[in-house]
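Here the structure is laid out as structure tokens; the discussion comes afterwards.
The values are calculated or read from the model by the stated rules, or taken from the named source; none is laboratory data. Just so we're clear, the structure is a prediction, and the values are computed from it rather than from any experiment. Positions of Cβ are generated from backbone atoms using ideal geometry, with glycine treated the same way; all protein chains shown enter the neighbour counts.
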Amino acid sequence: MGGASSRDQSAEASNTSLFSEDELKNLKSNFESGGVEKVTPLIQKKVNDLDNIELNIAVTGEAGTGKSSFINAMRGLQSEDKGAAKVDNKETTVEPTEYKHPSLPNVILWDLPGIGTVKFPANKYLKEMKFKKYDFFIIISHPRFTENDVKLAQEIKRLGKKFYFVRPKIDTDLDAVKRERREFKEEEELEKIRSYCITSLQEAGISSPQVFLISKFDLHLYDFDRLSKVLEDDLPSLKRSVYILALPNLTLEIVEKKKKELKKRVWMLASLSGVLGAVPVPGVSLGCDIGILIGGIVHFRKCLGLDDASLRRLAKKAGKPVEELKAVVKGPMVGEITPDIINRLAWGTSAVVISGLELALDLIPVVGSIFGAGSSLLMTYKLLSGALDDLTENARRVVKAAFGTDENDPK
Ligand SMILES: Nc1nc2c(ncn2[C@@H]2O[C@H](COP(=O)(O)OP(=O)(O)OP(=O)(O)O)[C@@H](O)[C@H]2O)c(=O)[nH]1
Ligand SMILES: [Mg+2]
């Protein structure tokens, strides 16, 4: 723990914990008054709550602008995939339709109908779409921002919520410019379109509009990454965590962020195992810790896009045979996780020693001291951390195999 002061620790805590400062204080005082028995249900409740936090993202805009396509892209799907939102040139979406994230059902993208059609003139639309239930809004517009887009933004603002303008189909826009001109500099063209969009929204009375240019065919290019970061920054901490885990694995940076979020879960799961009583030391029955370990690893795997369905979706998106991605997925963590595998891993972990650095970076100083750092807690912590490292390495290899680049490598 390197003698970190309690103030340093609480600063760390707010970075690495899914608990608020108040909740941590509450945990400690409960421990002091009622011991481990009183604290376990609190941690268990938090773990359950985390799985139930909903993130409702509304995708709105005029008809035919690319709303359904955007939702499919966010879910890593193409329009002909099973479960994808229907995409067409005629008016397709006629009532709000929910699309759950394929691996995280608590992240819901809402495909709203187009505003300003005969069926939904603006006033009727704003009344009927029940904007209050959404966390934030993506307003999709193409080719020009219209009066209806401005009405949407004003209504969302009135409700105290955030909105972001997305202009899709930038691929076809750039193609058209390329055909027309001999001289063509992509970044200059993009900047021209961006500032045109911003100016026209400002003239219509929207102060500091945020505009992102994207293509559903090349989500990893243009402004999607920037959009993603802005959304992340704007969300409150727990929703941010949910949002990051739901992002498609487009870059190594996204994989790294997911790892950081999942690491926060490691100590929570470990501290549960620490108090549930079973002692997972080599040769001794792993008892109820097995459930926590297996559940944790399966969850990590899904969030990192390493389950079969996620790999297939990514392969399709990247236009590669799924076998090419599967070829880089290796090790015991990616097959069926059985008690036997966990047992062998536990055997392999001869010394359950956590380095000072790990202690400083994690919440073990706060929670570990509560539980007297029992061997069960440390063993589970070590096994889950190891599994997470291993799975992250696999996810990194998959992203490299899919997009064939070391670009954006944060390491
Ligand atoms: N080239 C290109 N085409 C796109 C992009 N996004 C959407 N489209 C096309 O635009 C058309 C309309 O897309 P949809 O996603 O159905 O639009 P929508 O807003 O859901 O339409 P409604 O539900 O009818 O309001 C389809 O032909 C899409 O293929 C993009 O980024 N690039
Ligand atoms: Mg649609």
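The single residue among GLU23, GLU32 that is modelled with pLDDT under 80, away from ligand 1 (no atom under 16 Å from the Cβ) and charged (D, E, K, R) turns out to be GLU32. Of note, ASN72 does not satisfy the criterion of being modelled with pLDDT under 90 and either within 12 Å of ligand 1 (Cβ to nearest atom) or hydrophobic (A, V, I, L, M, F, W, C) (or both).
When the residues of the range 126-151 are filtered to those that are in contact with a Cys (Cβ under 9 Å, 6 or more places away or on another chain) and not charged (D, E, K, R), the one that is surrounded by the most Cβ atoms within 10 Å (Cβ to Cβ) is PHE145.
The single condition among (1) surrounded by 16 or more Cβ atoms within 10 Å (Cβ to Cβ); (2) modelled with pLDDT under 55; (3) not in a helix (DSSP H, G or I) that GLU407 does not meet is (1). With respect to the conditions (1) more than 16 Å from THR60 (Cα to Cα); (2) in contact (Cβ under 8 Å) with a residue 60 or more places away in the chain, LYS185 falls short on a single one, namely (2).
For the criterion of being at pLDDT 80 or above and either more than 14 Å from the chain's Cα centre (by Cα) or hydroxyl-bearing (Ser, Thr, Tyr) (or both), LEU306 passes.
Could you tell me which residue of the range 96-118 is farthest from THR65 (Cα to Cα), considering only residues that are of a type in the set (D, E, K, R) and out of contact with any helix residue (DSSP H, G or I) (no Cβ under 9 Å at 6 or more places or on another chain)? Once the filter is applied, the top-ranked residue is LYS100. In this structure, does VAL166 turn out to be in contact (Cβ under 8 Å) with a residue 12 or more places away in the chain, aliphatic (A, V, I, L, M) and within 16 Å of ligand 2 (Cβ to nearest atom)? Answer is yes for this residue. One residue alone among LEU238, LEU245, LEU250, LEU227 is under 14 Å from the mean Cα position of the chain (by Cα), part of a helix (DSSP H, G or I), buried (at least 22 other Cβ atoms within 10 Å of the Cβ) and of a type in the set (A, V, I, L, M), and that residue is LEU245. Going by what's in this entry, would LEU18 be described as under 27 Å from the mean Cα position of the chain (by Cα), at pLDDT below 80 and not polar (S, T, N, Q)? When the stated conditions are applied, LEU18 passes them. Picking from residues in the range 195-218 that are more than 30 Å from LYS130 (Cβ to Cβ) and in contact (Cβ under 8 Å) with a residue 24 or more places away in the chain, the one that is surrounded by the fewest Cβ atoms within 10 Å (Cβ to Cβ) is ASP218. So which residues in the range 178-211 are in a helix (DSSP H, G or I), farther than 15 Å from ASP223 by Cβ and small (Gly, Ala, Ser), if there are any at all? Listed by number, the list holds a single entry, SER200. Of the residues LEU42, LEU104, LEU112, the single one that is touching a residue at least 12 places away in the same chain (Cβ under 8 Å), away from ligand 1 (no atom under 16 Å from the Cβ) and in the same structural domain as LYS162 (by TED's automatic domain parsing) is LEU104. Remark: pairs (first residue in the range 252-264, farther than 12 Å from HIS299 by Cα; second residue among the charged types (D, E, K, R) and in a helix (DSSP H, G or I); Cβ separation under 7 Å; 6+ apart in sequence or on different chains) = LEU252/ARG396; VAL255/ARG396.
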